[in-house]
Structure formats: structure tokens, C-alpha cells
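Colleague: So that we are looking at the same thing, I have put the structure below in C-alpha cells.
Nothing in this text is a laboratory measurement; each read-out follows from the coordinates by a stated rule. Remember, predicted model here, so these are calculated numbers, not experimental data. Quick reminder, even Gly has a Cβ in these numbers, built from the backbone with ideal geometry, and neighbours come from all protein chains shown.
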Amino acid sequence: MPFLGQDWRSPGWSWIKTEDGWKRCDSCSQELESENSRCTVTHDLILNSEDEEIFNNEECEYASKKRKKDHFRNDTNAQSFYREKWIYVHKESTKERHGYCTLGEAFNRLDFSSAIQDIRRFTYVVKLLQLIARSQLTSLSGVAQKNYFNILDKIVQKVLDDHQNPRLIKDLLQDLSSTLCILIRGVGKSVLVGNINIWICRLETVLGWQQQLQNLQMTKHVNSGLTLSDLPLHMLNNILHRFSDGWDIVTLGQVTPTLYVLSEDRQLWKKLCQYHFAEQQFCRHLILSEKGHIEWKLMYFTLQKYYPTKEQYGDTLHFCRHCSILFWKDSGHPCTAADPDSCFTPVSPQHFIDLFKF
């Protein structure tokens with residue numbers, strides 16, 4: 001039975017029905033002629049002008065589609081292209097949809113390459129990459145792994161260029177390098193998609209990124225205008241109370257002696273502990289000073305080791321309960337509900353991972 005489809009797995013032959021049966025045609029396109037030149041069999045077919053015109057159009061269309069597919073397949077520096085920026089999350093086969101949605105498929109479809117350029121989504125994407133690095137790296141397909149490391153490369157280059165959020169990326173790379181070391185040492189104990197040499201090269205790349213971030217030097221900006229130190233004390237204190245991460249407060253306190261004094265305020269650390277942790281957790285890890293006062297700063301970093309802190313993101317992925325679609329809220333999705341906004345639920349990075357656990 002002759003192969004009549006234009007699937008990319010086709011050997012590139014076209015067939016025509018004659019009185020003597022099906023016979024293979026010689027290709028008119030240069031791409032298919034080069035493939036046919038490898039074969040020693042020649043064919044002499046007589047085509048009328050109408051059949052030849054139809055045949056040429058089909059071959060040109062096939063060659064155009066094949067070149068376009070090869071372009072996207074060979075573009076290793078770009079994320080896989082999808083027109084929609086949302087994905088239908090289904091965990092079982094139905095009459096309408098066969099198979100199920102995987103973590104790698106969702107990772108490819110949700111346009112994380114553009115999301116890292118948005119300051120509201122940057123922290124969210126970094127946290128998601130960190131969770132994948134800790135436990136879900138081997139569940140990604142080959143294409144999803146390629147996209148994962150391409151996006152990570154863009155994140156590292158962004159941090160090296162604008163000097164923002166280096167600590168977040170250092171933590172991510174530390175978790176990723178630890179996971180890669182475990183996978184490479186225990187090769188054979190888990191299924192790795194791809195050759196072991198590829199994973200070794202990835203580990204070397206991650207170690208190179210870590211070295212670049214370690215050598216990162218913050219450039220001092222010379223500005224004759226107002227600076228942070230010129231603000232009144234009550235405004236500086238309000239700024240510190242807006243921080244949700246204790247390490248950010250410590251880092252800011254190292255800028256000037258005035259900021260250091262404000263960063264050591266007991267009420268500041270007390271409110272930070274109350275924001276992230278419950279009162280029962282305070283009682284289990286109570287730390288008192290020699291004078292009997294509670295050391296809120298030490299308690300914060302102690303509690304951080306035992307309990308997860310609350311996560312804050314400027315923007316997150318959303319899940320539509322009515323349509324079972326995962327999407328960025330700004331991008332939207334084709335919701336069929338009467339009141340779409342009532343169906344939307346923010347999705348944390350951990351919830352994103354849990355959606356694809358079976």
C-alpha cells in the first residue's frame with residue numbers, strides 16, 4: 001500500500017496511479033531530488049501538463065512544511081512555539097481528549113521565556129524552576145528539559161546584566177547542582193531522558209553559572225541626586241516593614257549605619273515572625289535573651305529552618321475551575337462560564353507541581 005500522507009516521517013516519495021498500478025514519481029524539488037539520488041532505481045513516467053502542475057504544487061507545499069518543521073526542531077535556543085498561552089489540564093482519557101496532560105507539556109506551553117522578563121512573574125518562575133529541580137527534573141520530557149535549561153540560561157544572563165535577585169538564582173542553582181550530582185552518581189537507579197554525557201555537560205554548565213554569580217560585582221552608581229539615605233527615618237522604617245524576607249532586611253541594613261539600626265528593631269522582626277508563623281510555632285522554639293526578652297530576629301531564622309514561610313508574588317498562574325484550564329491571567333483563556341472571574345483561582349508553584357502528580 002503506498003504512503004500518501006505528508007507526515008514528516010514519510011520518505012519523501014510521491015505516488016501516482018496509472019493503468020499498470022501505483023508508481024513512484026520523481027521529485028521536482030531540490031530537497032527531495034537529493035534524497036532520491038541516493039536510490040539506484042529510476043522510473044520513467046509520462047505525466048500530462050495538468051497532473052504535473054498538481055504534483056509540483058503538492059511537492060512545493062510539502063517541502064515548505066518540512067523546512068518550517070526542521071527550523072523549529074533545530075532551534076535549540078528558543079522555547080517550543082505555541083500560539084495559545086494556556087493549557088487544558090486533564091488527568092485521564094475522555095471521548096474528546098485522549099491521554100493526559102504532563103508537567104513537561106505544561107512547562108512548554110505556558111511561555112515562561114516571556115514571563116521572566118516581567119518583574120511581577122520573575123520570582124514565581126524562579127520558585128517553580130527550583131521546585132522542579134528538587135524533585136521533578138527526571139519527569140520532564142527531552143524537549144521540556146531543553147526548554148528548562150534554555151530558560152534558566154536566560155535568567156542567569158538577566159541577573160548578570162541587571163544585578164537583581166542574585167540570591168534567588170544562587171539558591172536555585174545550588175539545588176539544581178545537588179540534584180544533578182545525585183542523578184549522575186546514581187545513574188541506572190533512575191530513568192534519565194537523554195545520554196549521561198548530556199547530563200554531565202549540564203552539570204558543568206550549572207557549575208559555570210555558579211562561578212559567574214560568585215564573581216558578580218555590584219557596580220556603584222554615581223548619582224548627585226537624592227538617595228535612600230536622604231529619606232526621613234519614618235519613611236525608611238516603613239520601607240523596611242514592607243519586606244517579607246528577613247535576608248532582604250539584613251542586606252539592606254548593611255548599606256548605612258542608620259539602616260542597620262532600623263533593621264535591628266525588635267518590633268520589625270516580631271511583625272515578620274507573626275506574618276509568616278503561627279503562635280503555636282513560637283512556643284515550640286522560644287528564644288529568650290539574658291534580660292528575658294524574646295529574640296525575634298533569631299526566632300525568625302530558627303523558625304525558617306523548621307516551617308515554610310508565606311510566599312508573595314506579584315503575579316501567578318491561574319486555574320479556571322469551570323474549564324480546567326491553566327493560564328496567565330493577563331493572557332486570558334476562552335472561558336465559557338457566565339462569570340469567568342468567579343472561576344479563577346491563583347496557583348502557587350507547589351500547587352502547579354501537584355496538578356500534574358498522578
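Colleague: Rounded to two decimals, what is the ratio between the C-alpha radius of gyration of the stretch 236-358 and 2.2 N^0.38 Å?
Modeller: 1.45
Colleague: Here is a further query. When only C-alpha pairs under 8 Å and at least 6 residues apart count, what is the relative contact order of the stretch 245-306, in percent?
Modeller: 30
Colleague: OK, next. If you build the Cα gyration tensor of the stretch 100-180 and take the root of 5 times each eigenvalue, what three semi-axes come out, in whole angstrom, biggest first?
Modeller: Over the Cα atoms of the stretch 100-180, the ellipsoid semi-axes are 20, 15, 10 Å.
Colleague: Could you order the peptides 168-175, 16-23 from most to least packed, using the average number of other C-beta atoms within 10 Å per residue?
Modeller: Top of the packing list down: 168-175, 16-23.
Colleague: Rg and Dmax of the stretch 110-235 over Cα atoms: what are they, in angstrom?
Modeller: 17.8, 61
Colleague: Among L286, L303, T258, flag the residue with its Cα farthest along the positive direction of the charge dipole of the stretch 245-306, charges on Cβ as +1 for Lys/Arg and -1 for Asp/Glu.
Modeller: Value computed over the given set: L286.
Colleague: Which links in K270/K329; K170/K297; K85/K270 stretch past 30 Å when you go from one Cα to the other?
Modeller: K270/K329; K85/K270, as the Cα separations exceed 30 Å there.
Colleague: I'd like to compare 275-287, 136-148: which one has the highest average count of other Cβ atoms within 10 Å, and what's the full order after that?
Modeller: Highest-to-lowest ranking by the protection proxy: 136-148, 275-287.
Colleague: For the pairs K127/K305; K127/K357; K146/K305; K127/K154; K158/K271, note any where the Cα-Cα span goes beyond 21 Å.
Modeller: K146/K305; K158/K271
Colleague: How long are the semi-axes of the equivalent ellipsoid of the stretch 245-306, taking √(5λ) for every eigenvalue λ of the Cα gyration tensor, in whole Å from largest down?
Modeller: 21, 13, 9
Colleague: Over the Cα atoms of the stretch 299-357, what radius of gyration and what Dmax do you get, in Å?
Modeller: My reading of the Cα-based Rg and Dmax gives 15.1, 49 Å.
Colleague: Shifting gears a bit: Along the three principal axes, how long is the stretch 205-294 when you take its alpha carbons, biggest first, rounded to the nearest angstrom?
Modeller: Per principal axis, max minus min of the Cα coordinates gives 44, 43, 24 Å.
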